[in-house]
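Novice: The structure under discussion is supplied below as structure tokens; questions concerning it will follow.
Readers should treat all values here as calculations from the given coordinates under stated rules, not as data from a laboratory. Not measured: the values here are computed from a predicted model. All Cβ positions, glycine included, derive from the backbone under ideal geometry; neighbour counts span all protein chains shown.
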Amino acid sequence: MVSFTELLTRRLDGQLDARTTQYVDHILDGTHRMKRMIDDLLTYARVDRVERELEDVPLESVLKVVQHTLSDTLTSTQAVITHDPLPVIRGDLTELTSLLQNLVENAVKYRASGRTPIIHVGSMPEDDGWHFTVSDNGIGIEPAYFERIFKIFQRLHHRDAIDGTGVGLAVCRKIVERYEGRIWVESIPGSGSVFHFTLPEGVVGPQLIDVH
Ligand code: ADP
């Protein structure tokens, strides 16, 4: 769709009036958004389909990789990220990276205007594993939406205000539940949010579902 629309505009170069050019921009915008949505949906569908490679994953290194991946946004927003000493977890590196990345990315994305984003990744040992938190001082979430935001495609903002597809937290929930952990949020609207998740120690997760 994108290439044919682009070919068409090139072919009609100079002949399109302002309104038609605007329509073409809408088509291109819509197809890019659709592509992102399909990519995110595939990521969501694959979480419990892909074979996992369990290894000892040092979460401090994972957080460094996440910070590196998000470095442009972190620099432009002057976000400050601190963390507790983070443990080494038996798990899948890709899943754990995706989990932390989604939460840290949201913590910056949903920042409050005029406030430097301050994000803290906490970790506390529990009897049977670990309890982690990702806290921010962003816009916060109304309690009525605490459950809903973990469902796929549920967003609280129009994409013109803050861009997104509403898949990130659903992916986080699927990953955490694969480890038989829990994920939830606490928040004070206007002050910030704390995303909590647990990863029971030594739990390997459900067997891979054979799709063939
Ligand atoms: P997306 O960011 O693409 O919309 P997510 O699934 O990551 O999708 O998040 C779902 C919704 O939860 C977001 O649209 C936003 O309204 C809310 N949300 C997520 N993280 C935060 C946060 N740290 N602070 C405030 N709201 C948040």
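Novice: Enter the angle in degrees (range 0 to 90, nearest 10) between the Cα long axis of helix 18-46 and the first principal axis of the Cα atoms of the chain, meaning the one along which they spread out most.
Specialist: 30 degrees
Novice: Please state the relative contact order of region 1-98 as a whole percent: Cα pairs under 8 Å, 6+ residues apart?
Specialist: Here the relative contact order equals 31 percent.
Novice: Tell me the trypsin sites (Lys or Arg not before Pro) within region 1-103 that lie in a loop according to DSSP and have at most 11 other beta-carbon atoms within 10 Å.
Specialist: ARG49
Novice: Would you order GLU51, GLU142, GLU180 from fewest to most other beta-carbon atoms within 10 Å of each residue's own beta-carbon?
Specialist: So the ranking, lowest neighbour count to highest, is GLU51, GLU142, GLU180.
Novice: Nearest 0.05, what FRET efficiency do GLU177 and SER71 give at R0 = 30 Å with Cβ-Cβ as r?
Specialist: Calculated transfer efficiency: 0.50.
Novice: Separate question: In whole Hz, with x marking every Gly and Pro, tabulate ³J(HN,Hα) for region 167-173 from phi via Karplus 6.51 cos²θ - 1.76 cosθ + 1.60, θ = phi - 60°.
Specialist: Residue by residue, region 167-173 yields 10, x, 6, 5, 5, 4, 5 Hz.
Novice: Sort LYS174, LYS151 so that the residue with the fewest other Cβ atoms within 10 Å of its own Cβ comes first and the one with the most comes last.
Specialist: The most exposed by this proxy come first: LYS151, LYS174.
Novice: In the Gaussian network model of the chain, springs joining C-alpha atoms below 10 Å, which of THR77, THR198, THR97 carries the largest mean-square fluctuation?
Specialist: THR77
Novice: By how many degrees, between 0 and 90 and to the nearest 10, does the Cα long axis of helix 59-69 differ from the longest principal axis of the chain?
Specialist: Result, in degrees: 10.
Novice: Whole angstrom only: what separates the Cα centroid of region 112-184 from the Cα centroid of region 26-85?
Specialist: Each part's Cα centre sits 13 Å from the other's.
Novice: Percent relative contact order of the chain, based on C-alpha pairs within less than 8 angstrom and at least six residues apart?
Specialist: 20 percent
Novice: Right, next: For MET1 and THR82, calculate 0.36 nm times their separation in residues minus their Cα-Cα distance, and state this gained length in nm to one decimal.
Specialist: 24.8 nm is the gain from fully extending MET1 to THR82.
Novice: Which angle between 0 and 90 degrees, to the nearest 10, do you get for helix 93-109 versus the longest principal axis of the chain when only C-alpha atoms count?
Specialist: So the helix axis and the longest Cα principal axis differ by about 60 degrees.
Novice: Give the percent of DSSP beta bridges with both residues in the chain that are antiparallel, rounded to the nearest 5. Please list the in-between numbers first.
Specialist: Working: 25 of 29 bridges.
Counting DSSP beta bridges with both partners in the chain, the antiparallel share is about 85 percent.
Novice: Another one. Take VAL50, VAL194 and order them by how many other Cβ atoms sit within 10 Å, fewest up front.
Specialist: Least to most surrounded, the residues fall as VAL50, VAL194.
Novice: Cross-link partners among lysines for LYS64, C-alpha distance below 27 Å, same-chain residues fewer than 8 apart left out?
Specialist: LYS109, LYS174
Novice: Name the most mobile residue of LEU54, LEU70, LEU12, meaning the one with the largest mean-square fluctuation, in a Gaussian network model of the chain with Cα contacts below 10 Å.
Specialist: Looking only at LEU54, LEU70, LEU12, the biggest GNM fluctuation is shown by LEU12.
Novice: For the residue pair HIS158 and LEU54, what label-to-label distance in nm results when each label sits 7 Å from Cα along the Cα-to-beta-carbon direction?
Specialist: 4.8 nm
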